[in-house]
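Participant: Would you mind keeping the following structure in view while I ask a few things?
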Amino acid sequence: MPAPRQVILVVEDEASIAETITYALSTEGFAPVWKTTGREALAVLATQRVALVVLDVGLPDMSGLDVCRELRKQHAVPVIFLTARSSEVDKIVGLELGADDYLAKPFSPRELTARIRAVLRRSNGAIPATPAGWTHDEAKCRISFFGQPLELTRNEYRLLAALLASPGRVFSRDQLMTAAWDDPGASLDRTVDAHVKTLRAKLRAVAPDADPIVTHRGMGYSLREE
Ligand code: CA
């Protein structure tokens, strides 16, 4: 049995744009539902399971930003905004409404469907691919780097496992501390740096040029995605 088609709610009052979008979504295997007002969109969200919302900022009855604010009270559904003006982009970004992405008009349907797929991949909690060179045997709490099992302390292991679970994601020192220490309050911020340092030394011993842990100044650390 084929997987059920994911419902994409398209909220757009301009028929020509909406038709282009819904056509593209249908051919890409999604089930589009088209509404022209914010009220109708919220009604759909209240009754139907929606995988993602494509939301025009300029709607006839209310602003798309207000629609987003309303729906955020009930749903964690991902939202991609459509904007006609660059001033709207500032509002979307500035208000931190939890928009997952936005597209400025005019855009190609292909671009929109690519963005939708990317957002859905992220929000479905798809496990990012483990970068080349790594294997993580979670049952045995063992991480290998280029085939070489690493001798890690408990905190080093937990820190590296956190980085490895989300390649590319920048973790703050606080987040790594929480991930790797049972009693984060008891440790100093520097502890994370010290552990990253010893981890890097152990990784360098296996692959001198790989340098897989990336420092983000003033922010924290991430694991190189490939
Ligand atoms: Ca509009």
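The values are calculated or read from the model by the stated rules, or taken from the named source; none is laboratory data. Computed from a predicted structure; not experimentally measured. Neighbour counts run over all protein chains shown; Cβ positions are idealised from the backbone, glycine included.
Participant: List every residue pair whose Cβ atoms sit under 7 Å apart, with the two residues 6 or more apart in sequence or on different chains, where the first one lies in the stretch 49-68 and is more than 10 Å from the ligand (Cβ to nearest atom) and the second, anywhere, is at pLDDT 95 or above and hydroxyl-bearing (S, T, Y).
Facilitator: These pairs meet every condition: D61/T37.
Participant: Let me ask something else about it. Testing F171 on (1) hydrophobic (A, V, I, L, M, F, W, C); (2) at pLDDT below 90; (3) exposed (fewer than 14 other Cβ atoms within 10 Å of the Cβ), one condition comes back false. Which one is that?
Facilitator: Every condition holds for F171 apart from (3).
Participant: Kindly indicate the residue of the stretch 23-39 that is within 16 Å of the ligand (Cβ to nearest atom) and touching a residue at least 24 places away in the same chain (Cβ under 8 Å) and also surrounded by the fewest Cβ atoms within 10 Å (Cβ to Cβ) among those meeting that condition. I'd like the intermediate steps shown before the answer.
Facilitator: Step one: filter the stretch 23-39 for residues within 16 Å of the ligand (Cβ to nearest atom), giving 34-39.
Within this subset, residues satisfying the condition of being touching a residue at least 24 places away in the same chain (Cβ under 8 Å) are 34-38.
Details: W34: 19, K35: 22, T36: 18, T37: 15, G38: 24.
Among them, the one singled out is T37.
Participant: In addition: Could you check the stretch 18-126 for strands (runs of 3 or more DSSP E) lying wholly inside it with 3 or more residues that are at pLDDT 90 or above and farther than 27 Å from R169 by Cα?
Facilitator: Working: elements: 31-35, 52-56, 79-83, 101-104.
Where strands (runs of 3 or more DSSP E) fall fully within the stretch 18-126 and carry at least 3 residues being at pLDDT 90 or above and farther than 27 Å from R169 by Cα, they are 31-35.
Participant: Taking the condition of being closer than 16 Å to R158 by Cα, modelled with pLDDT of 90 or more and among the hydroxyl-bearing types (S, T, Y), how many residues in the stretch 174-226 meet it?
Facilitator: Qualifying residue count for the region: 3.
Participant: Residues that are of a type outside the set (S, T, Y) and either exposed (fewer than 12 other Cβ atoms within 10 Å of the Cβ) or in contact with a Cys (Cβ under 7 Å, 6 or more places away or on another chain) (or both): does the stretch 81-92 have at least one? Reasoning before the result, please.
Facilitator: Filtering the stretch 81-92 down to residues of a type outside the set (S, T, Y) leaves 81-82, 84-85, 88-92.
Filter once more, so that each one left must be either exposed (fewer than 12 other Cβ atoms within 10 Å of the Cβ) or in contact with a Cys (Cβ under 7 Å, 6 or more places away or on another chain) (or both): 90.
Looking for residues that are of a type outside the set (S, T, Y) and either exposed (fewer than 12 other Cβ atoms within 10 Å of the Cβ) or in contact with a Cys (Cβ under 7 Å, 6 or more places away or on another chain) (or both), one finds at least one in the stretch 81-92, hence yes.
Participant: I'd like to verify a number: residues in the stretch 131-162 that are farther than 26 Å from R190 by Cβ, surrounded by 16 or more Cβ atoms within 10 Å (Cβ to Cβ) and among the polar types (S, T, N, Q), how many?
Facilitator: The total comes to 0.
Participant: Looking for something basic (K, R), closer than 16 Å to T113 by Cβ and away from the ligand (no atom under 16 Å from the Cβ) - is there at least one such residue anywhere in the stretch 1-22?
Facilitator: The first filter runs over the stretch 1-22 and keeps only residues basic (K, R), leaving 5.
Next, from what is left, pick out any that are closer than 16 Å to T113 by Cβ: 5.
In the following step, the residues that additionally are away from the ligand (no atom under 16 Å from the Cβ) were identified as 5.
Yes, the conditions are met somewhere in the stretch 1-22.
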